[in-house]
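Structure first, then comments.
The values are calculated or read from the model by the stated rules, or taken from the named source; none is laboratory data. Being a predicted model, the structure only gives us computed values, none of them experimental. Note that we place each Cβ from the backbone using ideal geometry, even for glycine, and neighbour counts take in every protein chain shown.
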Amino acid sequence: MRYLLGIDIGRYSSKGVLLDESGAIRATAQRKHDMRVPGPGLAEHDALQDWWEGFRTLSQRLILDSGINPAAIAAVGCSGIGPCALPVTEAGKPLRPAILYGVDTRAEVEIEELNAELGAPAVLARTGNPLTTQSVGPKVRWLAKHEPDTFRKTARIVGCPTFIVHRLTGRWVVDHYGASCYTPFYDLAAKDWHRETVERICPVDWLPEIAWTTEIIGYVSTEAGGETGLAAGTPVIAGTIDAASEAISVGVQRPGDLMIMYGTTAFFIQVNADLVVDSRFWAAPFLFENTWSVMGGLATGGGLTHWFRKEMTGLPDEDSSFQTLMEEALTSPPGANGILMLPYFSGERTPINDPQAKGLIFGLTLAHRRGDIYRALIEGIGHAIRHNLDGFAEIQPARSIYAAGGGVQNPLWTQCVSDIAGVCQNVRQHTVGAALGSAFLAGIGCNIFAPEDIDRINPIVSRIAPNEADRNRYEADHVAFKVLYANNKATMRRSRAS
């Protein structure tokens, strides 16, 4: 029996899965970590403590819990939070905490500078992506301006999967999907770094080699084997960003397939037969040659429910606290007794791409209770998700929509999305997510699995259909949701958090 090991490094935790060659899950493991917020608009991870320690610990635990011989692991796949900007030395030593993806909004000025230098239309045409807080290039420019000592010592700028793969194999590699997020560095037509643009910001040799996601790019070193419990010589694939791996885990791979990922942030990937460039969203090659994707993402999601529980309730950090809040929210009717919430507590990514957007709770009265506010929070995220889905439908109507991520276990959240957006969502048997996707991609890389095998390994077990009566109620609320942002956008820009 051969096995595939997959590990995903997320925003607040890391997860691991061990698959056998039949596709059965033999072991799972999870390790919590934290996201550092050293100031307003800042979001960081410690690459050694959060990324590598997460991978190392979970690898050991999966091998120990399953009781398998490490030599029976046919390949390893890793996915991780992204896109991030981590400056490291040539030896791979982190020089500072990793600057995270779009939830870190520090590089607003640098985005404006680069748009002026490069031309926003030219950037969009070449990369398929507008410059936003999601982009790596402005964060590197910020580093050069604000931390020149660190910048001078830097030999590489890498993201999470690249960092892990280097620790395992000694090679610096990023997959095409991940490379496309290094805006404005990646040239979609050439599927390579655009040297002239890169060198306006940093040396081109700071960037990793580019490979396809499932390529075997190296083998576990003796040193890495000693740290992880893996056998030296175990093949390692290039890996990818967590959202793409999550999409694969629920069967998103054919044109028209769309994933809604319910995680700490909400994320969307739709597969297209052809390249589509839209300034509201992000474009990239998908994980296999000759496929394309369009993506979007909120700046919040499940993370907002954690914020509410921690800062607004006094409830303990336990799963039972969320159950309490859920029960209270279910006593509030659709529409949350007139409360409407904008979930822009960390700015917002797509489709408005506004790092200065602010959270807003509208319609409060003394008659409202905690359950009303919590339901309004869930519904606010649902309206933001619909805002994205409507945009995707304009590009290409979805053939099938799949729900993924830990939030699938929250029936109020998923039902609210179906009701607000008027869509049916397919739910697969396994919701362990990107870790399963990484193991499955490793299986493709070593020819144990074919892409279509995911339908057998992770079958559809349920569908979430919209409740038409509630959908009608939410229609007016959705119009009000968009008007509320439009009418307050200028005020949000004048009101800077301190």
| note | Just one listed residue, out of Leu143, Leu131, is without any contact (Cβ under 8 Å) to a residue 60 or more places away in the chain, farther than 27 Å from Gly218 by Cα and part of a loop (DSSP other than H, G, I, E, B), and it is Leu131
| task | Select from region 146-174 the residues that are out of contact with any strand residue (DSSP E or B) (no Cβ under 7 Å at 6 or more places or on another chain) and charged (D, E, K, R) and list them in ascending order. | result | Glu147, Asp149, Arg152, Lys153, Arg167
| said: Here's a check for you: in region 240-257, which residue that is in a strand (DSSP E or B) and surrounded by 24 or more Cβ atoms within 10 Å (Cβ to Cβ) is nearest to the chain's Cα centre (by Cα)? | reply: Ile241
| message | For region 363-379, check the following and say yes or no: at least one residue is crowded, with 21+ Cβ neighbours inside 10 Å, out of contact with any Ser or Thr (no Cβ under 9 Å at 6 or more places or on another chain) and either small (Gly, Ala, Ser) or at negative phi (or both). | response | yes
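Take the residues in region 1-13 that are surrounded by 24 or more Cβ atoms within 10 Å (Cβ to Cβ) and within 23 Å of the chain's Cα centre (by Cα); name whichever of them is modelled with the lowest pLDDT. Steps first, please.
Step one: list which residues in region 1-13 are surrounded by 24 or more Cβ atoms within 10 Å (Cβ to Cβ), which gives 3-10.
Subset that is within 23 Å of the chain's Cα centre (by Cα): 4-10.
On the way: Leu4: 98, Leu5: 98, Gly6: 98, Ile7: 98, Asp8: 97, Ile9: 96, Gly10: 91.
The extreme case among them is Gly10.
Conditions (1) surrounded by 24 or more Cβ atoms within 10 Å (Cβ to Cβ); (2) part of a loop (DSSP other than H, G, I, E, B), marked per residue:
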residue: Glu394; (1), (2): no, no
residue: Leu412; (1), (2): no, no
residue: Gln415; (1), (2): no, no
residue: Val427; (1), (2): no, no
residue: Ser438; (1), (2): yes, no
residue: Ile448; (1), (2): no, yes
residue: Asp455; (1), (2): no, no
| remark: Taking region 218-239 and keeping residues surrounded by 24 or more Cβ atoms within 10 Å (Cβ to Cβ) and within 30 Å of Arg195 (Cβ to Cβ) leaves Val236, Ile237, Ala238, Gly239
| Within region 258-283, can you find the residues that are surrounded by 22 or more Cβ atoms within 10 Å (Cβ to Cβ), at pLDDT 90 or above and touching a helix residue (DSSP H, G or I) at 6+ places or on another chain (Cβ under 6 Å)? | Met259, Met261, Tyr262, Ala266, Phe267, Phe268, Ile269, Gln270
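Please tell me if Val461 is over 15 Å from Glu379 (Cβ atoms) and assigned to a strand (DSSP E or B). Quick ask: steps written out before the conclusion?
Working: over 15 Å from Glu379 (Cβ atoms): yes; assigned to a strand (DSSP E or B): yes.
Criteria met by Val461.
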| field | Residues that are among the aromatic types (Phe, Trp, Tyr) and either over 14 Å from Cys181 (Cβ atoms) or in the same structural domain as Gly119 (by TED's automatic domain parsing) (or both), drawn from region 240-291 | value | Tyr262, Phe268, Phe288
| query | Counting only residues that are of a type in the set (Gly, Ala, Ser) and in contact with a helix residue (DSSP H, G or I) (Cβ under 6 Å, 6 or more places away or on another chain), which one in region 55-90 is nearest to Ala224 (Cα to Cα)? | reply | Ser59
| remark: Over region 434-462, the set of residues under 21 Å from Ile241 (Cα atoms) and touching a Gly at 6+ places or on another chain (Cβ under 6 Å) is Ala435, Ser438, Ala439, Leu441, Ala442, Phe449, Ile454
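Scan region 192-208 and give yes if some residue there is within 16 Å of Phe163 (Cα to Cα), modelled with pLDDT of 95 or more and surrounded by fewer than 14 Cβ atoms within 10 Å (Cβ to Cβ), otherwise no.
First, the residues of region 192-208 that are within 16 Å of Phe163 (Cα to Cα): 205-208.
Narrowing further to those that are modelled with pLDDT of 95 or more: 205-208.
So of that shortlist, the ones also surrounded by fewer than 14 Cβ atoms within 10 Å (Cβ to Cβ) come out as 205.
Within region 192-208, one or more residues are within 16 Å of Phe163 (Cα to Cα), modelled with pLDDT of 95 or more and surrounded by fewer than 14 Cβ atoms within 10 Å (Cβ to Cβ).
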| task | Check whether at least one residue in region 47-65 is free of Cβ contacts under 8 Å to residues at least 24 places away in the same chain and over 21 Å from the mean Cα position of the chain (by Cα), and report yes or no. | result | no
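Determine which member of the set Ser418, Ser438 is at pLDDT 95 or above, closer than 30 Å to Phe288 by Cα and assigned by TED's automatic domain parsing to the domain that holds Ser400.
Working: Ser438 fails: assigned by TED's automatic domain parsing to the domain that holds Ser400.
Every option except Ser418 fails the conditions.
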| note | Residue hits (region 269-311; touching a residue at least 12 places away in the same chain (Cβ under 8 Å) and part of a helix (DSSP H, G or I)) are Gly302, Gly303, Leu304, Thr305, His306, Trp307, Phe308, Arg309
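Take the residues in region 325-362 that are of a type in the set (Val, Ile, Thr) and surrounded by fewer than 24 Cβ atoms within 10 Å (Cβ to Cβ); name whichever of them is farthest from the chain's Cα centre (by Cα). Don't jump to the end; show me each part of the working.
As a first pass, look at region 325-362 and keep what is of a type in the set (Val, Ile, Thr): 331, 339, 350, 352, 361.
Checking which are surrounded by fewer than 24 Cβ atoms within 10 Å (Cβ to Cβ) leaves us with 331, 339, 352, 361.
Working: Thr331: 32, Ile339: 29, Ile352: 18, Ile361: 26 Å.
Within region 325-362, the match that is farthest from the chain's Cα centre (by Cα) is Thr331.
Considering Ala469, Ala404, Ala435, Ala439, which residue is out of contact with any helix residue (DSSP H, G or I) (no Cβ under 7 Å at 6 or more places or on another chain) and under 20 Å from Thr264 (Cα atoms)?
Details: Ala469 fails: under 20 Å from Thr264 (Cα atoms); Ala404 fails: out of contact with any helix residue (DSSP H, G or I) (no Cβ under 7 Å at 6 or more places or on another chain); Ala439 fails: under 20 Å from Thr264 (Cα atoms).
After ruling out the rest, the residue left standing is Ala435.
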